[in-house]
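Taking it in order: structure first as structure tokens, then the write-up.
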Amino acid sequence: MRNLNIFKKLFFSHTTIGLVAIVTFSFIVYVLVGEVLFQRSLDQLSSINMLKKELVETYFFRSQQNLQALSVEDKFLHIHTKLTQHQAATNDHDLSDLYKICKLYNFKNMHLFDAHHHQLFSTDSAQYPEGLMQRIDAAVTAEADRLWIVDASAASDDKQTLLFYYVPIVKEGQRVGMVLVQENFEKVQNILRETTGMGSTGESYIVGDDYKMRSLSRFLPDKPPGAIVVRTDAALNSFQQEPGRGIVTDYRGERALSVYRLVDIADLHWAIISEIDLSEAMAPINSLRNYLIGITLFILLFIVVVTYFVSNAIARPILQLREIIVTLSKGMMPPRHHQITSSDEVGQMAHAIDQLTEGLERTTAFAKEIGGGNFNTTFTTLSEHDTLGMALLRMRDELHSFNERELRVARERAAALMEGQENERRRIIKDLHDGVGQLLTAIRMRVEALEGNAEWKDEVKGHINATIAEVKRISYNVMPQALVDFGLEAALKGLCDTVKKYAAFTIDFRYIKEYDHTLNFEVSTAVFRIAQEGLNNIVKHAAATHVNLHLLDKEDELYLLLEDNGRGFDTAAVQHNAGQGLRNIQERAKLLDGSAEIHSLPGEGTVVEVHIPVV
């Protein structure tokens, strides 16, 4: 700390105190609130477990009451008597009541037996499992004259839950038969399947005292209940008469929050367990942790910011002046964003340095502007004795004059080059017309005068005519006579007609004249060359089927639109590598103080827009 400046000492001391305070407070809040949230999750799961326990118990209690009422009414004794006396059971109205009873009270099947276990009647055509009667007898031996609930799941061949109500048929104090009513366990399953308030990993299930599941598993729905062994701490504690709750490892091997207790149903040794994965149960606590971390970081950031500004406000004036003086001593421009507003010696020094820095910045900015070619920028000298400022003003004026001379020379050079090209074209046309054209005409006349094979003569004349036509086409491309004799519109129309003969696309040519004036031959020639260059590019590269060539002759400018529906191209890709044709179009427009804009996208054709001012 001894070697740190005043700003760092203030900053580090205040930040350390704030960090210790906020981290301690956040830890205490996390521990206290986390415990509350954890207990709340257990309380909610316990409420769900208790509710499902009561619903299951109520369901079985009502089923027992209904069967008890039927027994008291001697309903089963009446049917038993008819069956043992061999009365017509198949047409008996009382037997049909058994089916109605099953449907009314949601029983799955009903079986009537005599005192010797001979089946008298059954609502199910399938045979009951092997060993079922032995389990029934073993269960009810102690009190054979009362209603029992018998868990016969161990006798199920397919390991499904089998639950029967044993109802004795008593006549004059003696048991003369019995009724086995098979419970439809789906109703109980529906109660357990409801997972409201248990998230995406919560479930409630029933486990027998053989530690095998009685209800379907939410996570193993295709596996029969009897095939799932639940030898977890929750199941073990439940059958040791120790209801409780806590964190356990469930039957899947996952860590879970668990609440467990025995089901209070006579004759059944079942436990109901409600669980939810620990990861989901702890999600609110983890969210709290992340929230506290975020709040801690935010407050810490706030403390850092406040500490920074407070420390900076104390140490800034001295440190800023030191930095400014060091920067100036190295010949660099110091920053001017300091805020030293005091009226003492430090403030007076800062004000003087500000004035010097402001002058140097304006001088630097002016030098950058004129160095970038902006010769219209203005500059105010620091005083009439500002030597550097006056020298920069003189340099700006000289550079401006030099730049104008360079532009004028470049334009004259380009114009001379174009003029030379046009003169060369005129010479070539004259040579083709006066030389090659007349020779070809003379040859054709001599061939006609020759005697001999007419077919051979026609073939030679055909070649000569084709050669003459090609010479005319070349002459027209080089310099159409129509441009000299009839003007730009006729020359462009002739150009379109010529292109149509050897191109695979149609051309929509329109010349709209809004103002009646005579165009300069230089302008007409440039526009014709631009259109000619554009059509040649379309023929070579576009693969188009339709082209629009529109020319709008206005009072102050010529507007040319050349549009095709060809393959197009990426203008950004060719921006720095444009072809000679595109450069020619842009250069010709620029020479006449105009502009040429080229718009294109791959697969969407190309549009060329040219603006030429008319003086």
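The Stokes-Einstein estimate for region 66-211, based on a Kirkwood radius over Cα pairs and taken at 37 °C with 0.692 mPa s viscosity, is a diffusion coefficient of 197 µm²/s. Computed from label points 7 Å out along Cα-Cβ, the spacing between ARG362 and ARG175 is 11.8 nm. At full extension, PHE521 and GLU384 could sit 43.9 nm farther apart than now, given 0.36 nm per residue minus the alpha carbon distance. Taking each residue as 0.36 nm, the span from VAL23 to ASP114 lengthens on full extension beyond its C-alpha to C-alpha distance by 24.9 nm. If you take the square roots of the eigenvalues of the alpha-carbon gyration tensor of region 497-560 and sort them as a ≥ b ≥ c, do you get rounded (a/c under 1.5), prolate (a/b over b/c) or oblate? Prolate is the answer for region 497-560, as a/c is 1.5 or above and a/b outweighs b/c.
Each principal axis of region 254-295 carries a Cα extent, and these read 56, 18, 7 Å when sorted largest first. For a straight C-alpha distance cut-off of 29 angstrom, the lysines reachable from LYS368 (same-chain residues fewer than eight places away being disregarded) are LYS330, LYS590. Each principal axis of the Cα cloud of region 486-613 was taken in turn, and the coordinate range along them, longest first, works out to 39, 32, 21 Å. In terms of distances greater than 20 angstrom between alpha carbons, the cross-link table entries LYS52/LYS187; LYS108/LYS187; LYS108/LYS212; LYS493/LYS513; LYS513/LYS540 yield LYS108/LYS212; LYS513/LYS540.
Treating r as the C-beta distance of ILE318 and LEU4 and R0 as 22 Å, the FRET efficiency rounds to 0.95.
With a cap of 16 neighbouring Cβ atoms within 10 Å, and only residues DSSP puts in a loop, list the trypsin sites (Lys or Arg not before Pro) found in region 240-312. Those that pass, being in a loop and sparsely packed, are ARG252. Peptides 273-281, 588-596 ranked from most to least packed by the mean count of surrounding Cβ atoms within 10 Å: 273-281, 588-596.
Report the calculated FRET efficiency for PHE298 and VAL574 (r = Cβ-Cβ distance, R0 = 56 Å), to the nearest 0.05.
Efficiency at R0 = 56 Å is approximately 0.60.
In a simple Cβ point-charge model (Lys, Arg +1; Asp, Glu -1; nothing else charged), region 519-615 has a dipole of about 420 debye relative to its Cα centre. Ranked by the mean number of other Cβ atoms within 10 Å of their residues, highest first, the peptides 175-184, 300-309, 41-50 fall in the order 175-184, 41-50, 300-309. Converting the Cα gyration tensor eigenvalues of region 183-287 into ellipsoid dimensions via √(5λ) gives semi-axes, longest first, of 22, 16, 13 Å.
Every read-out reported here was derived from the displayed coordinates using simple, explicitly stated rules and does not represent laboratory data. Because the structure is predicted, anything quoted here is derived from the model rather than measured. So basically every Cβ, Gly included, is an ideal-geometry build from the backbone, and we count neighbours across all protein chains shown.
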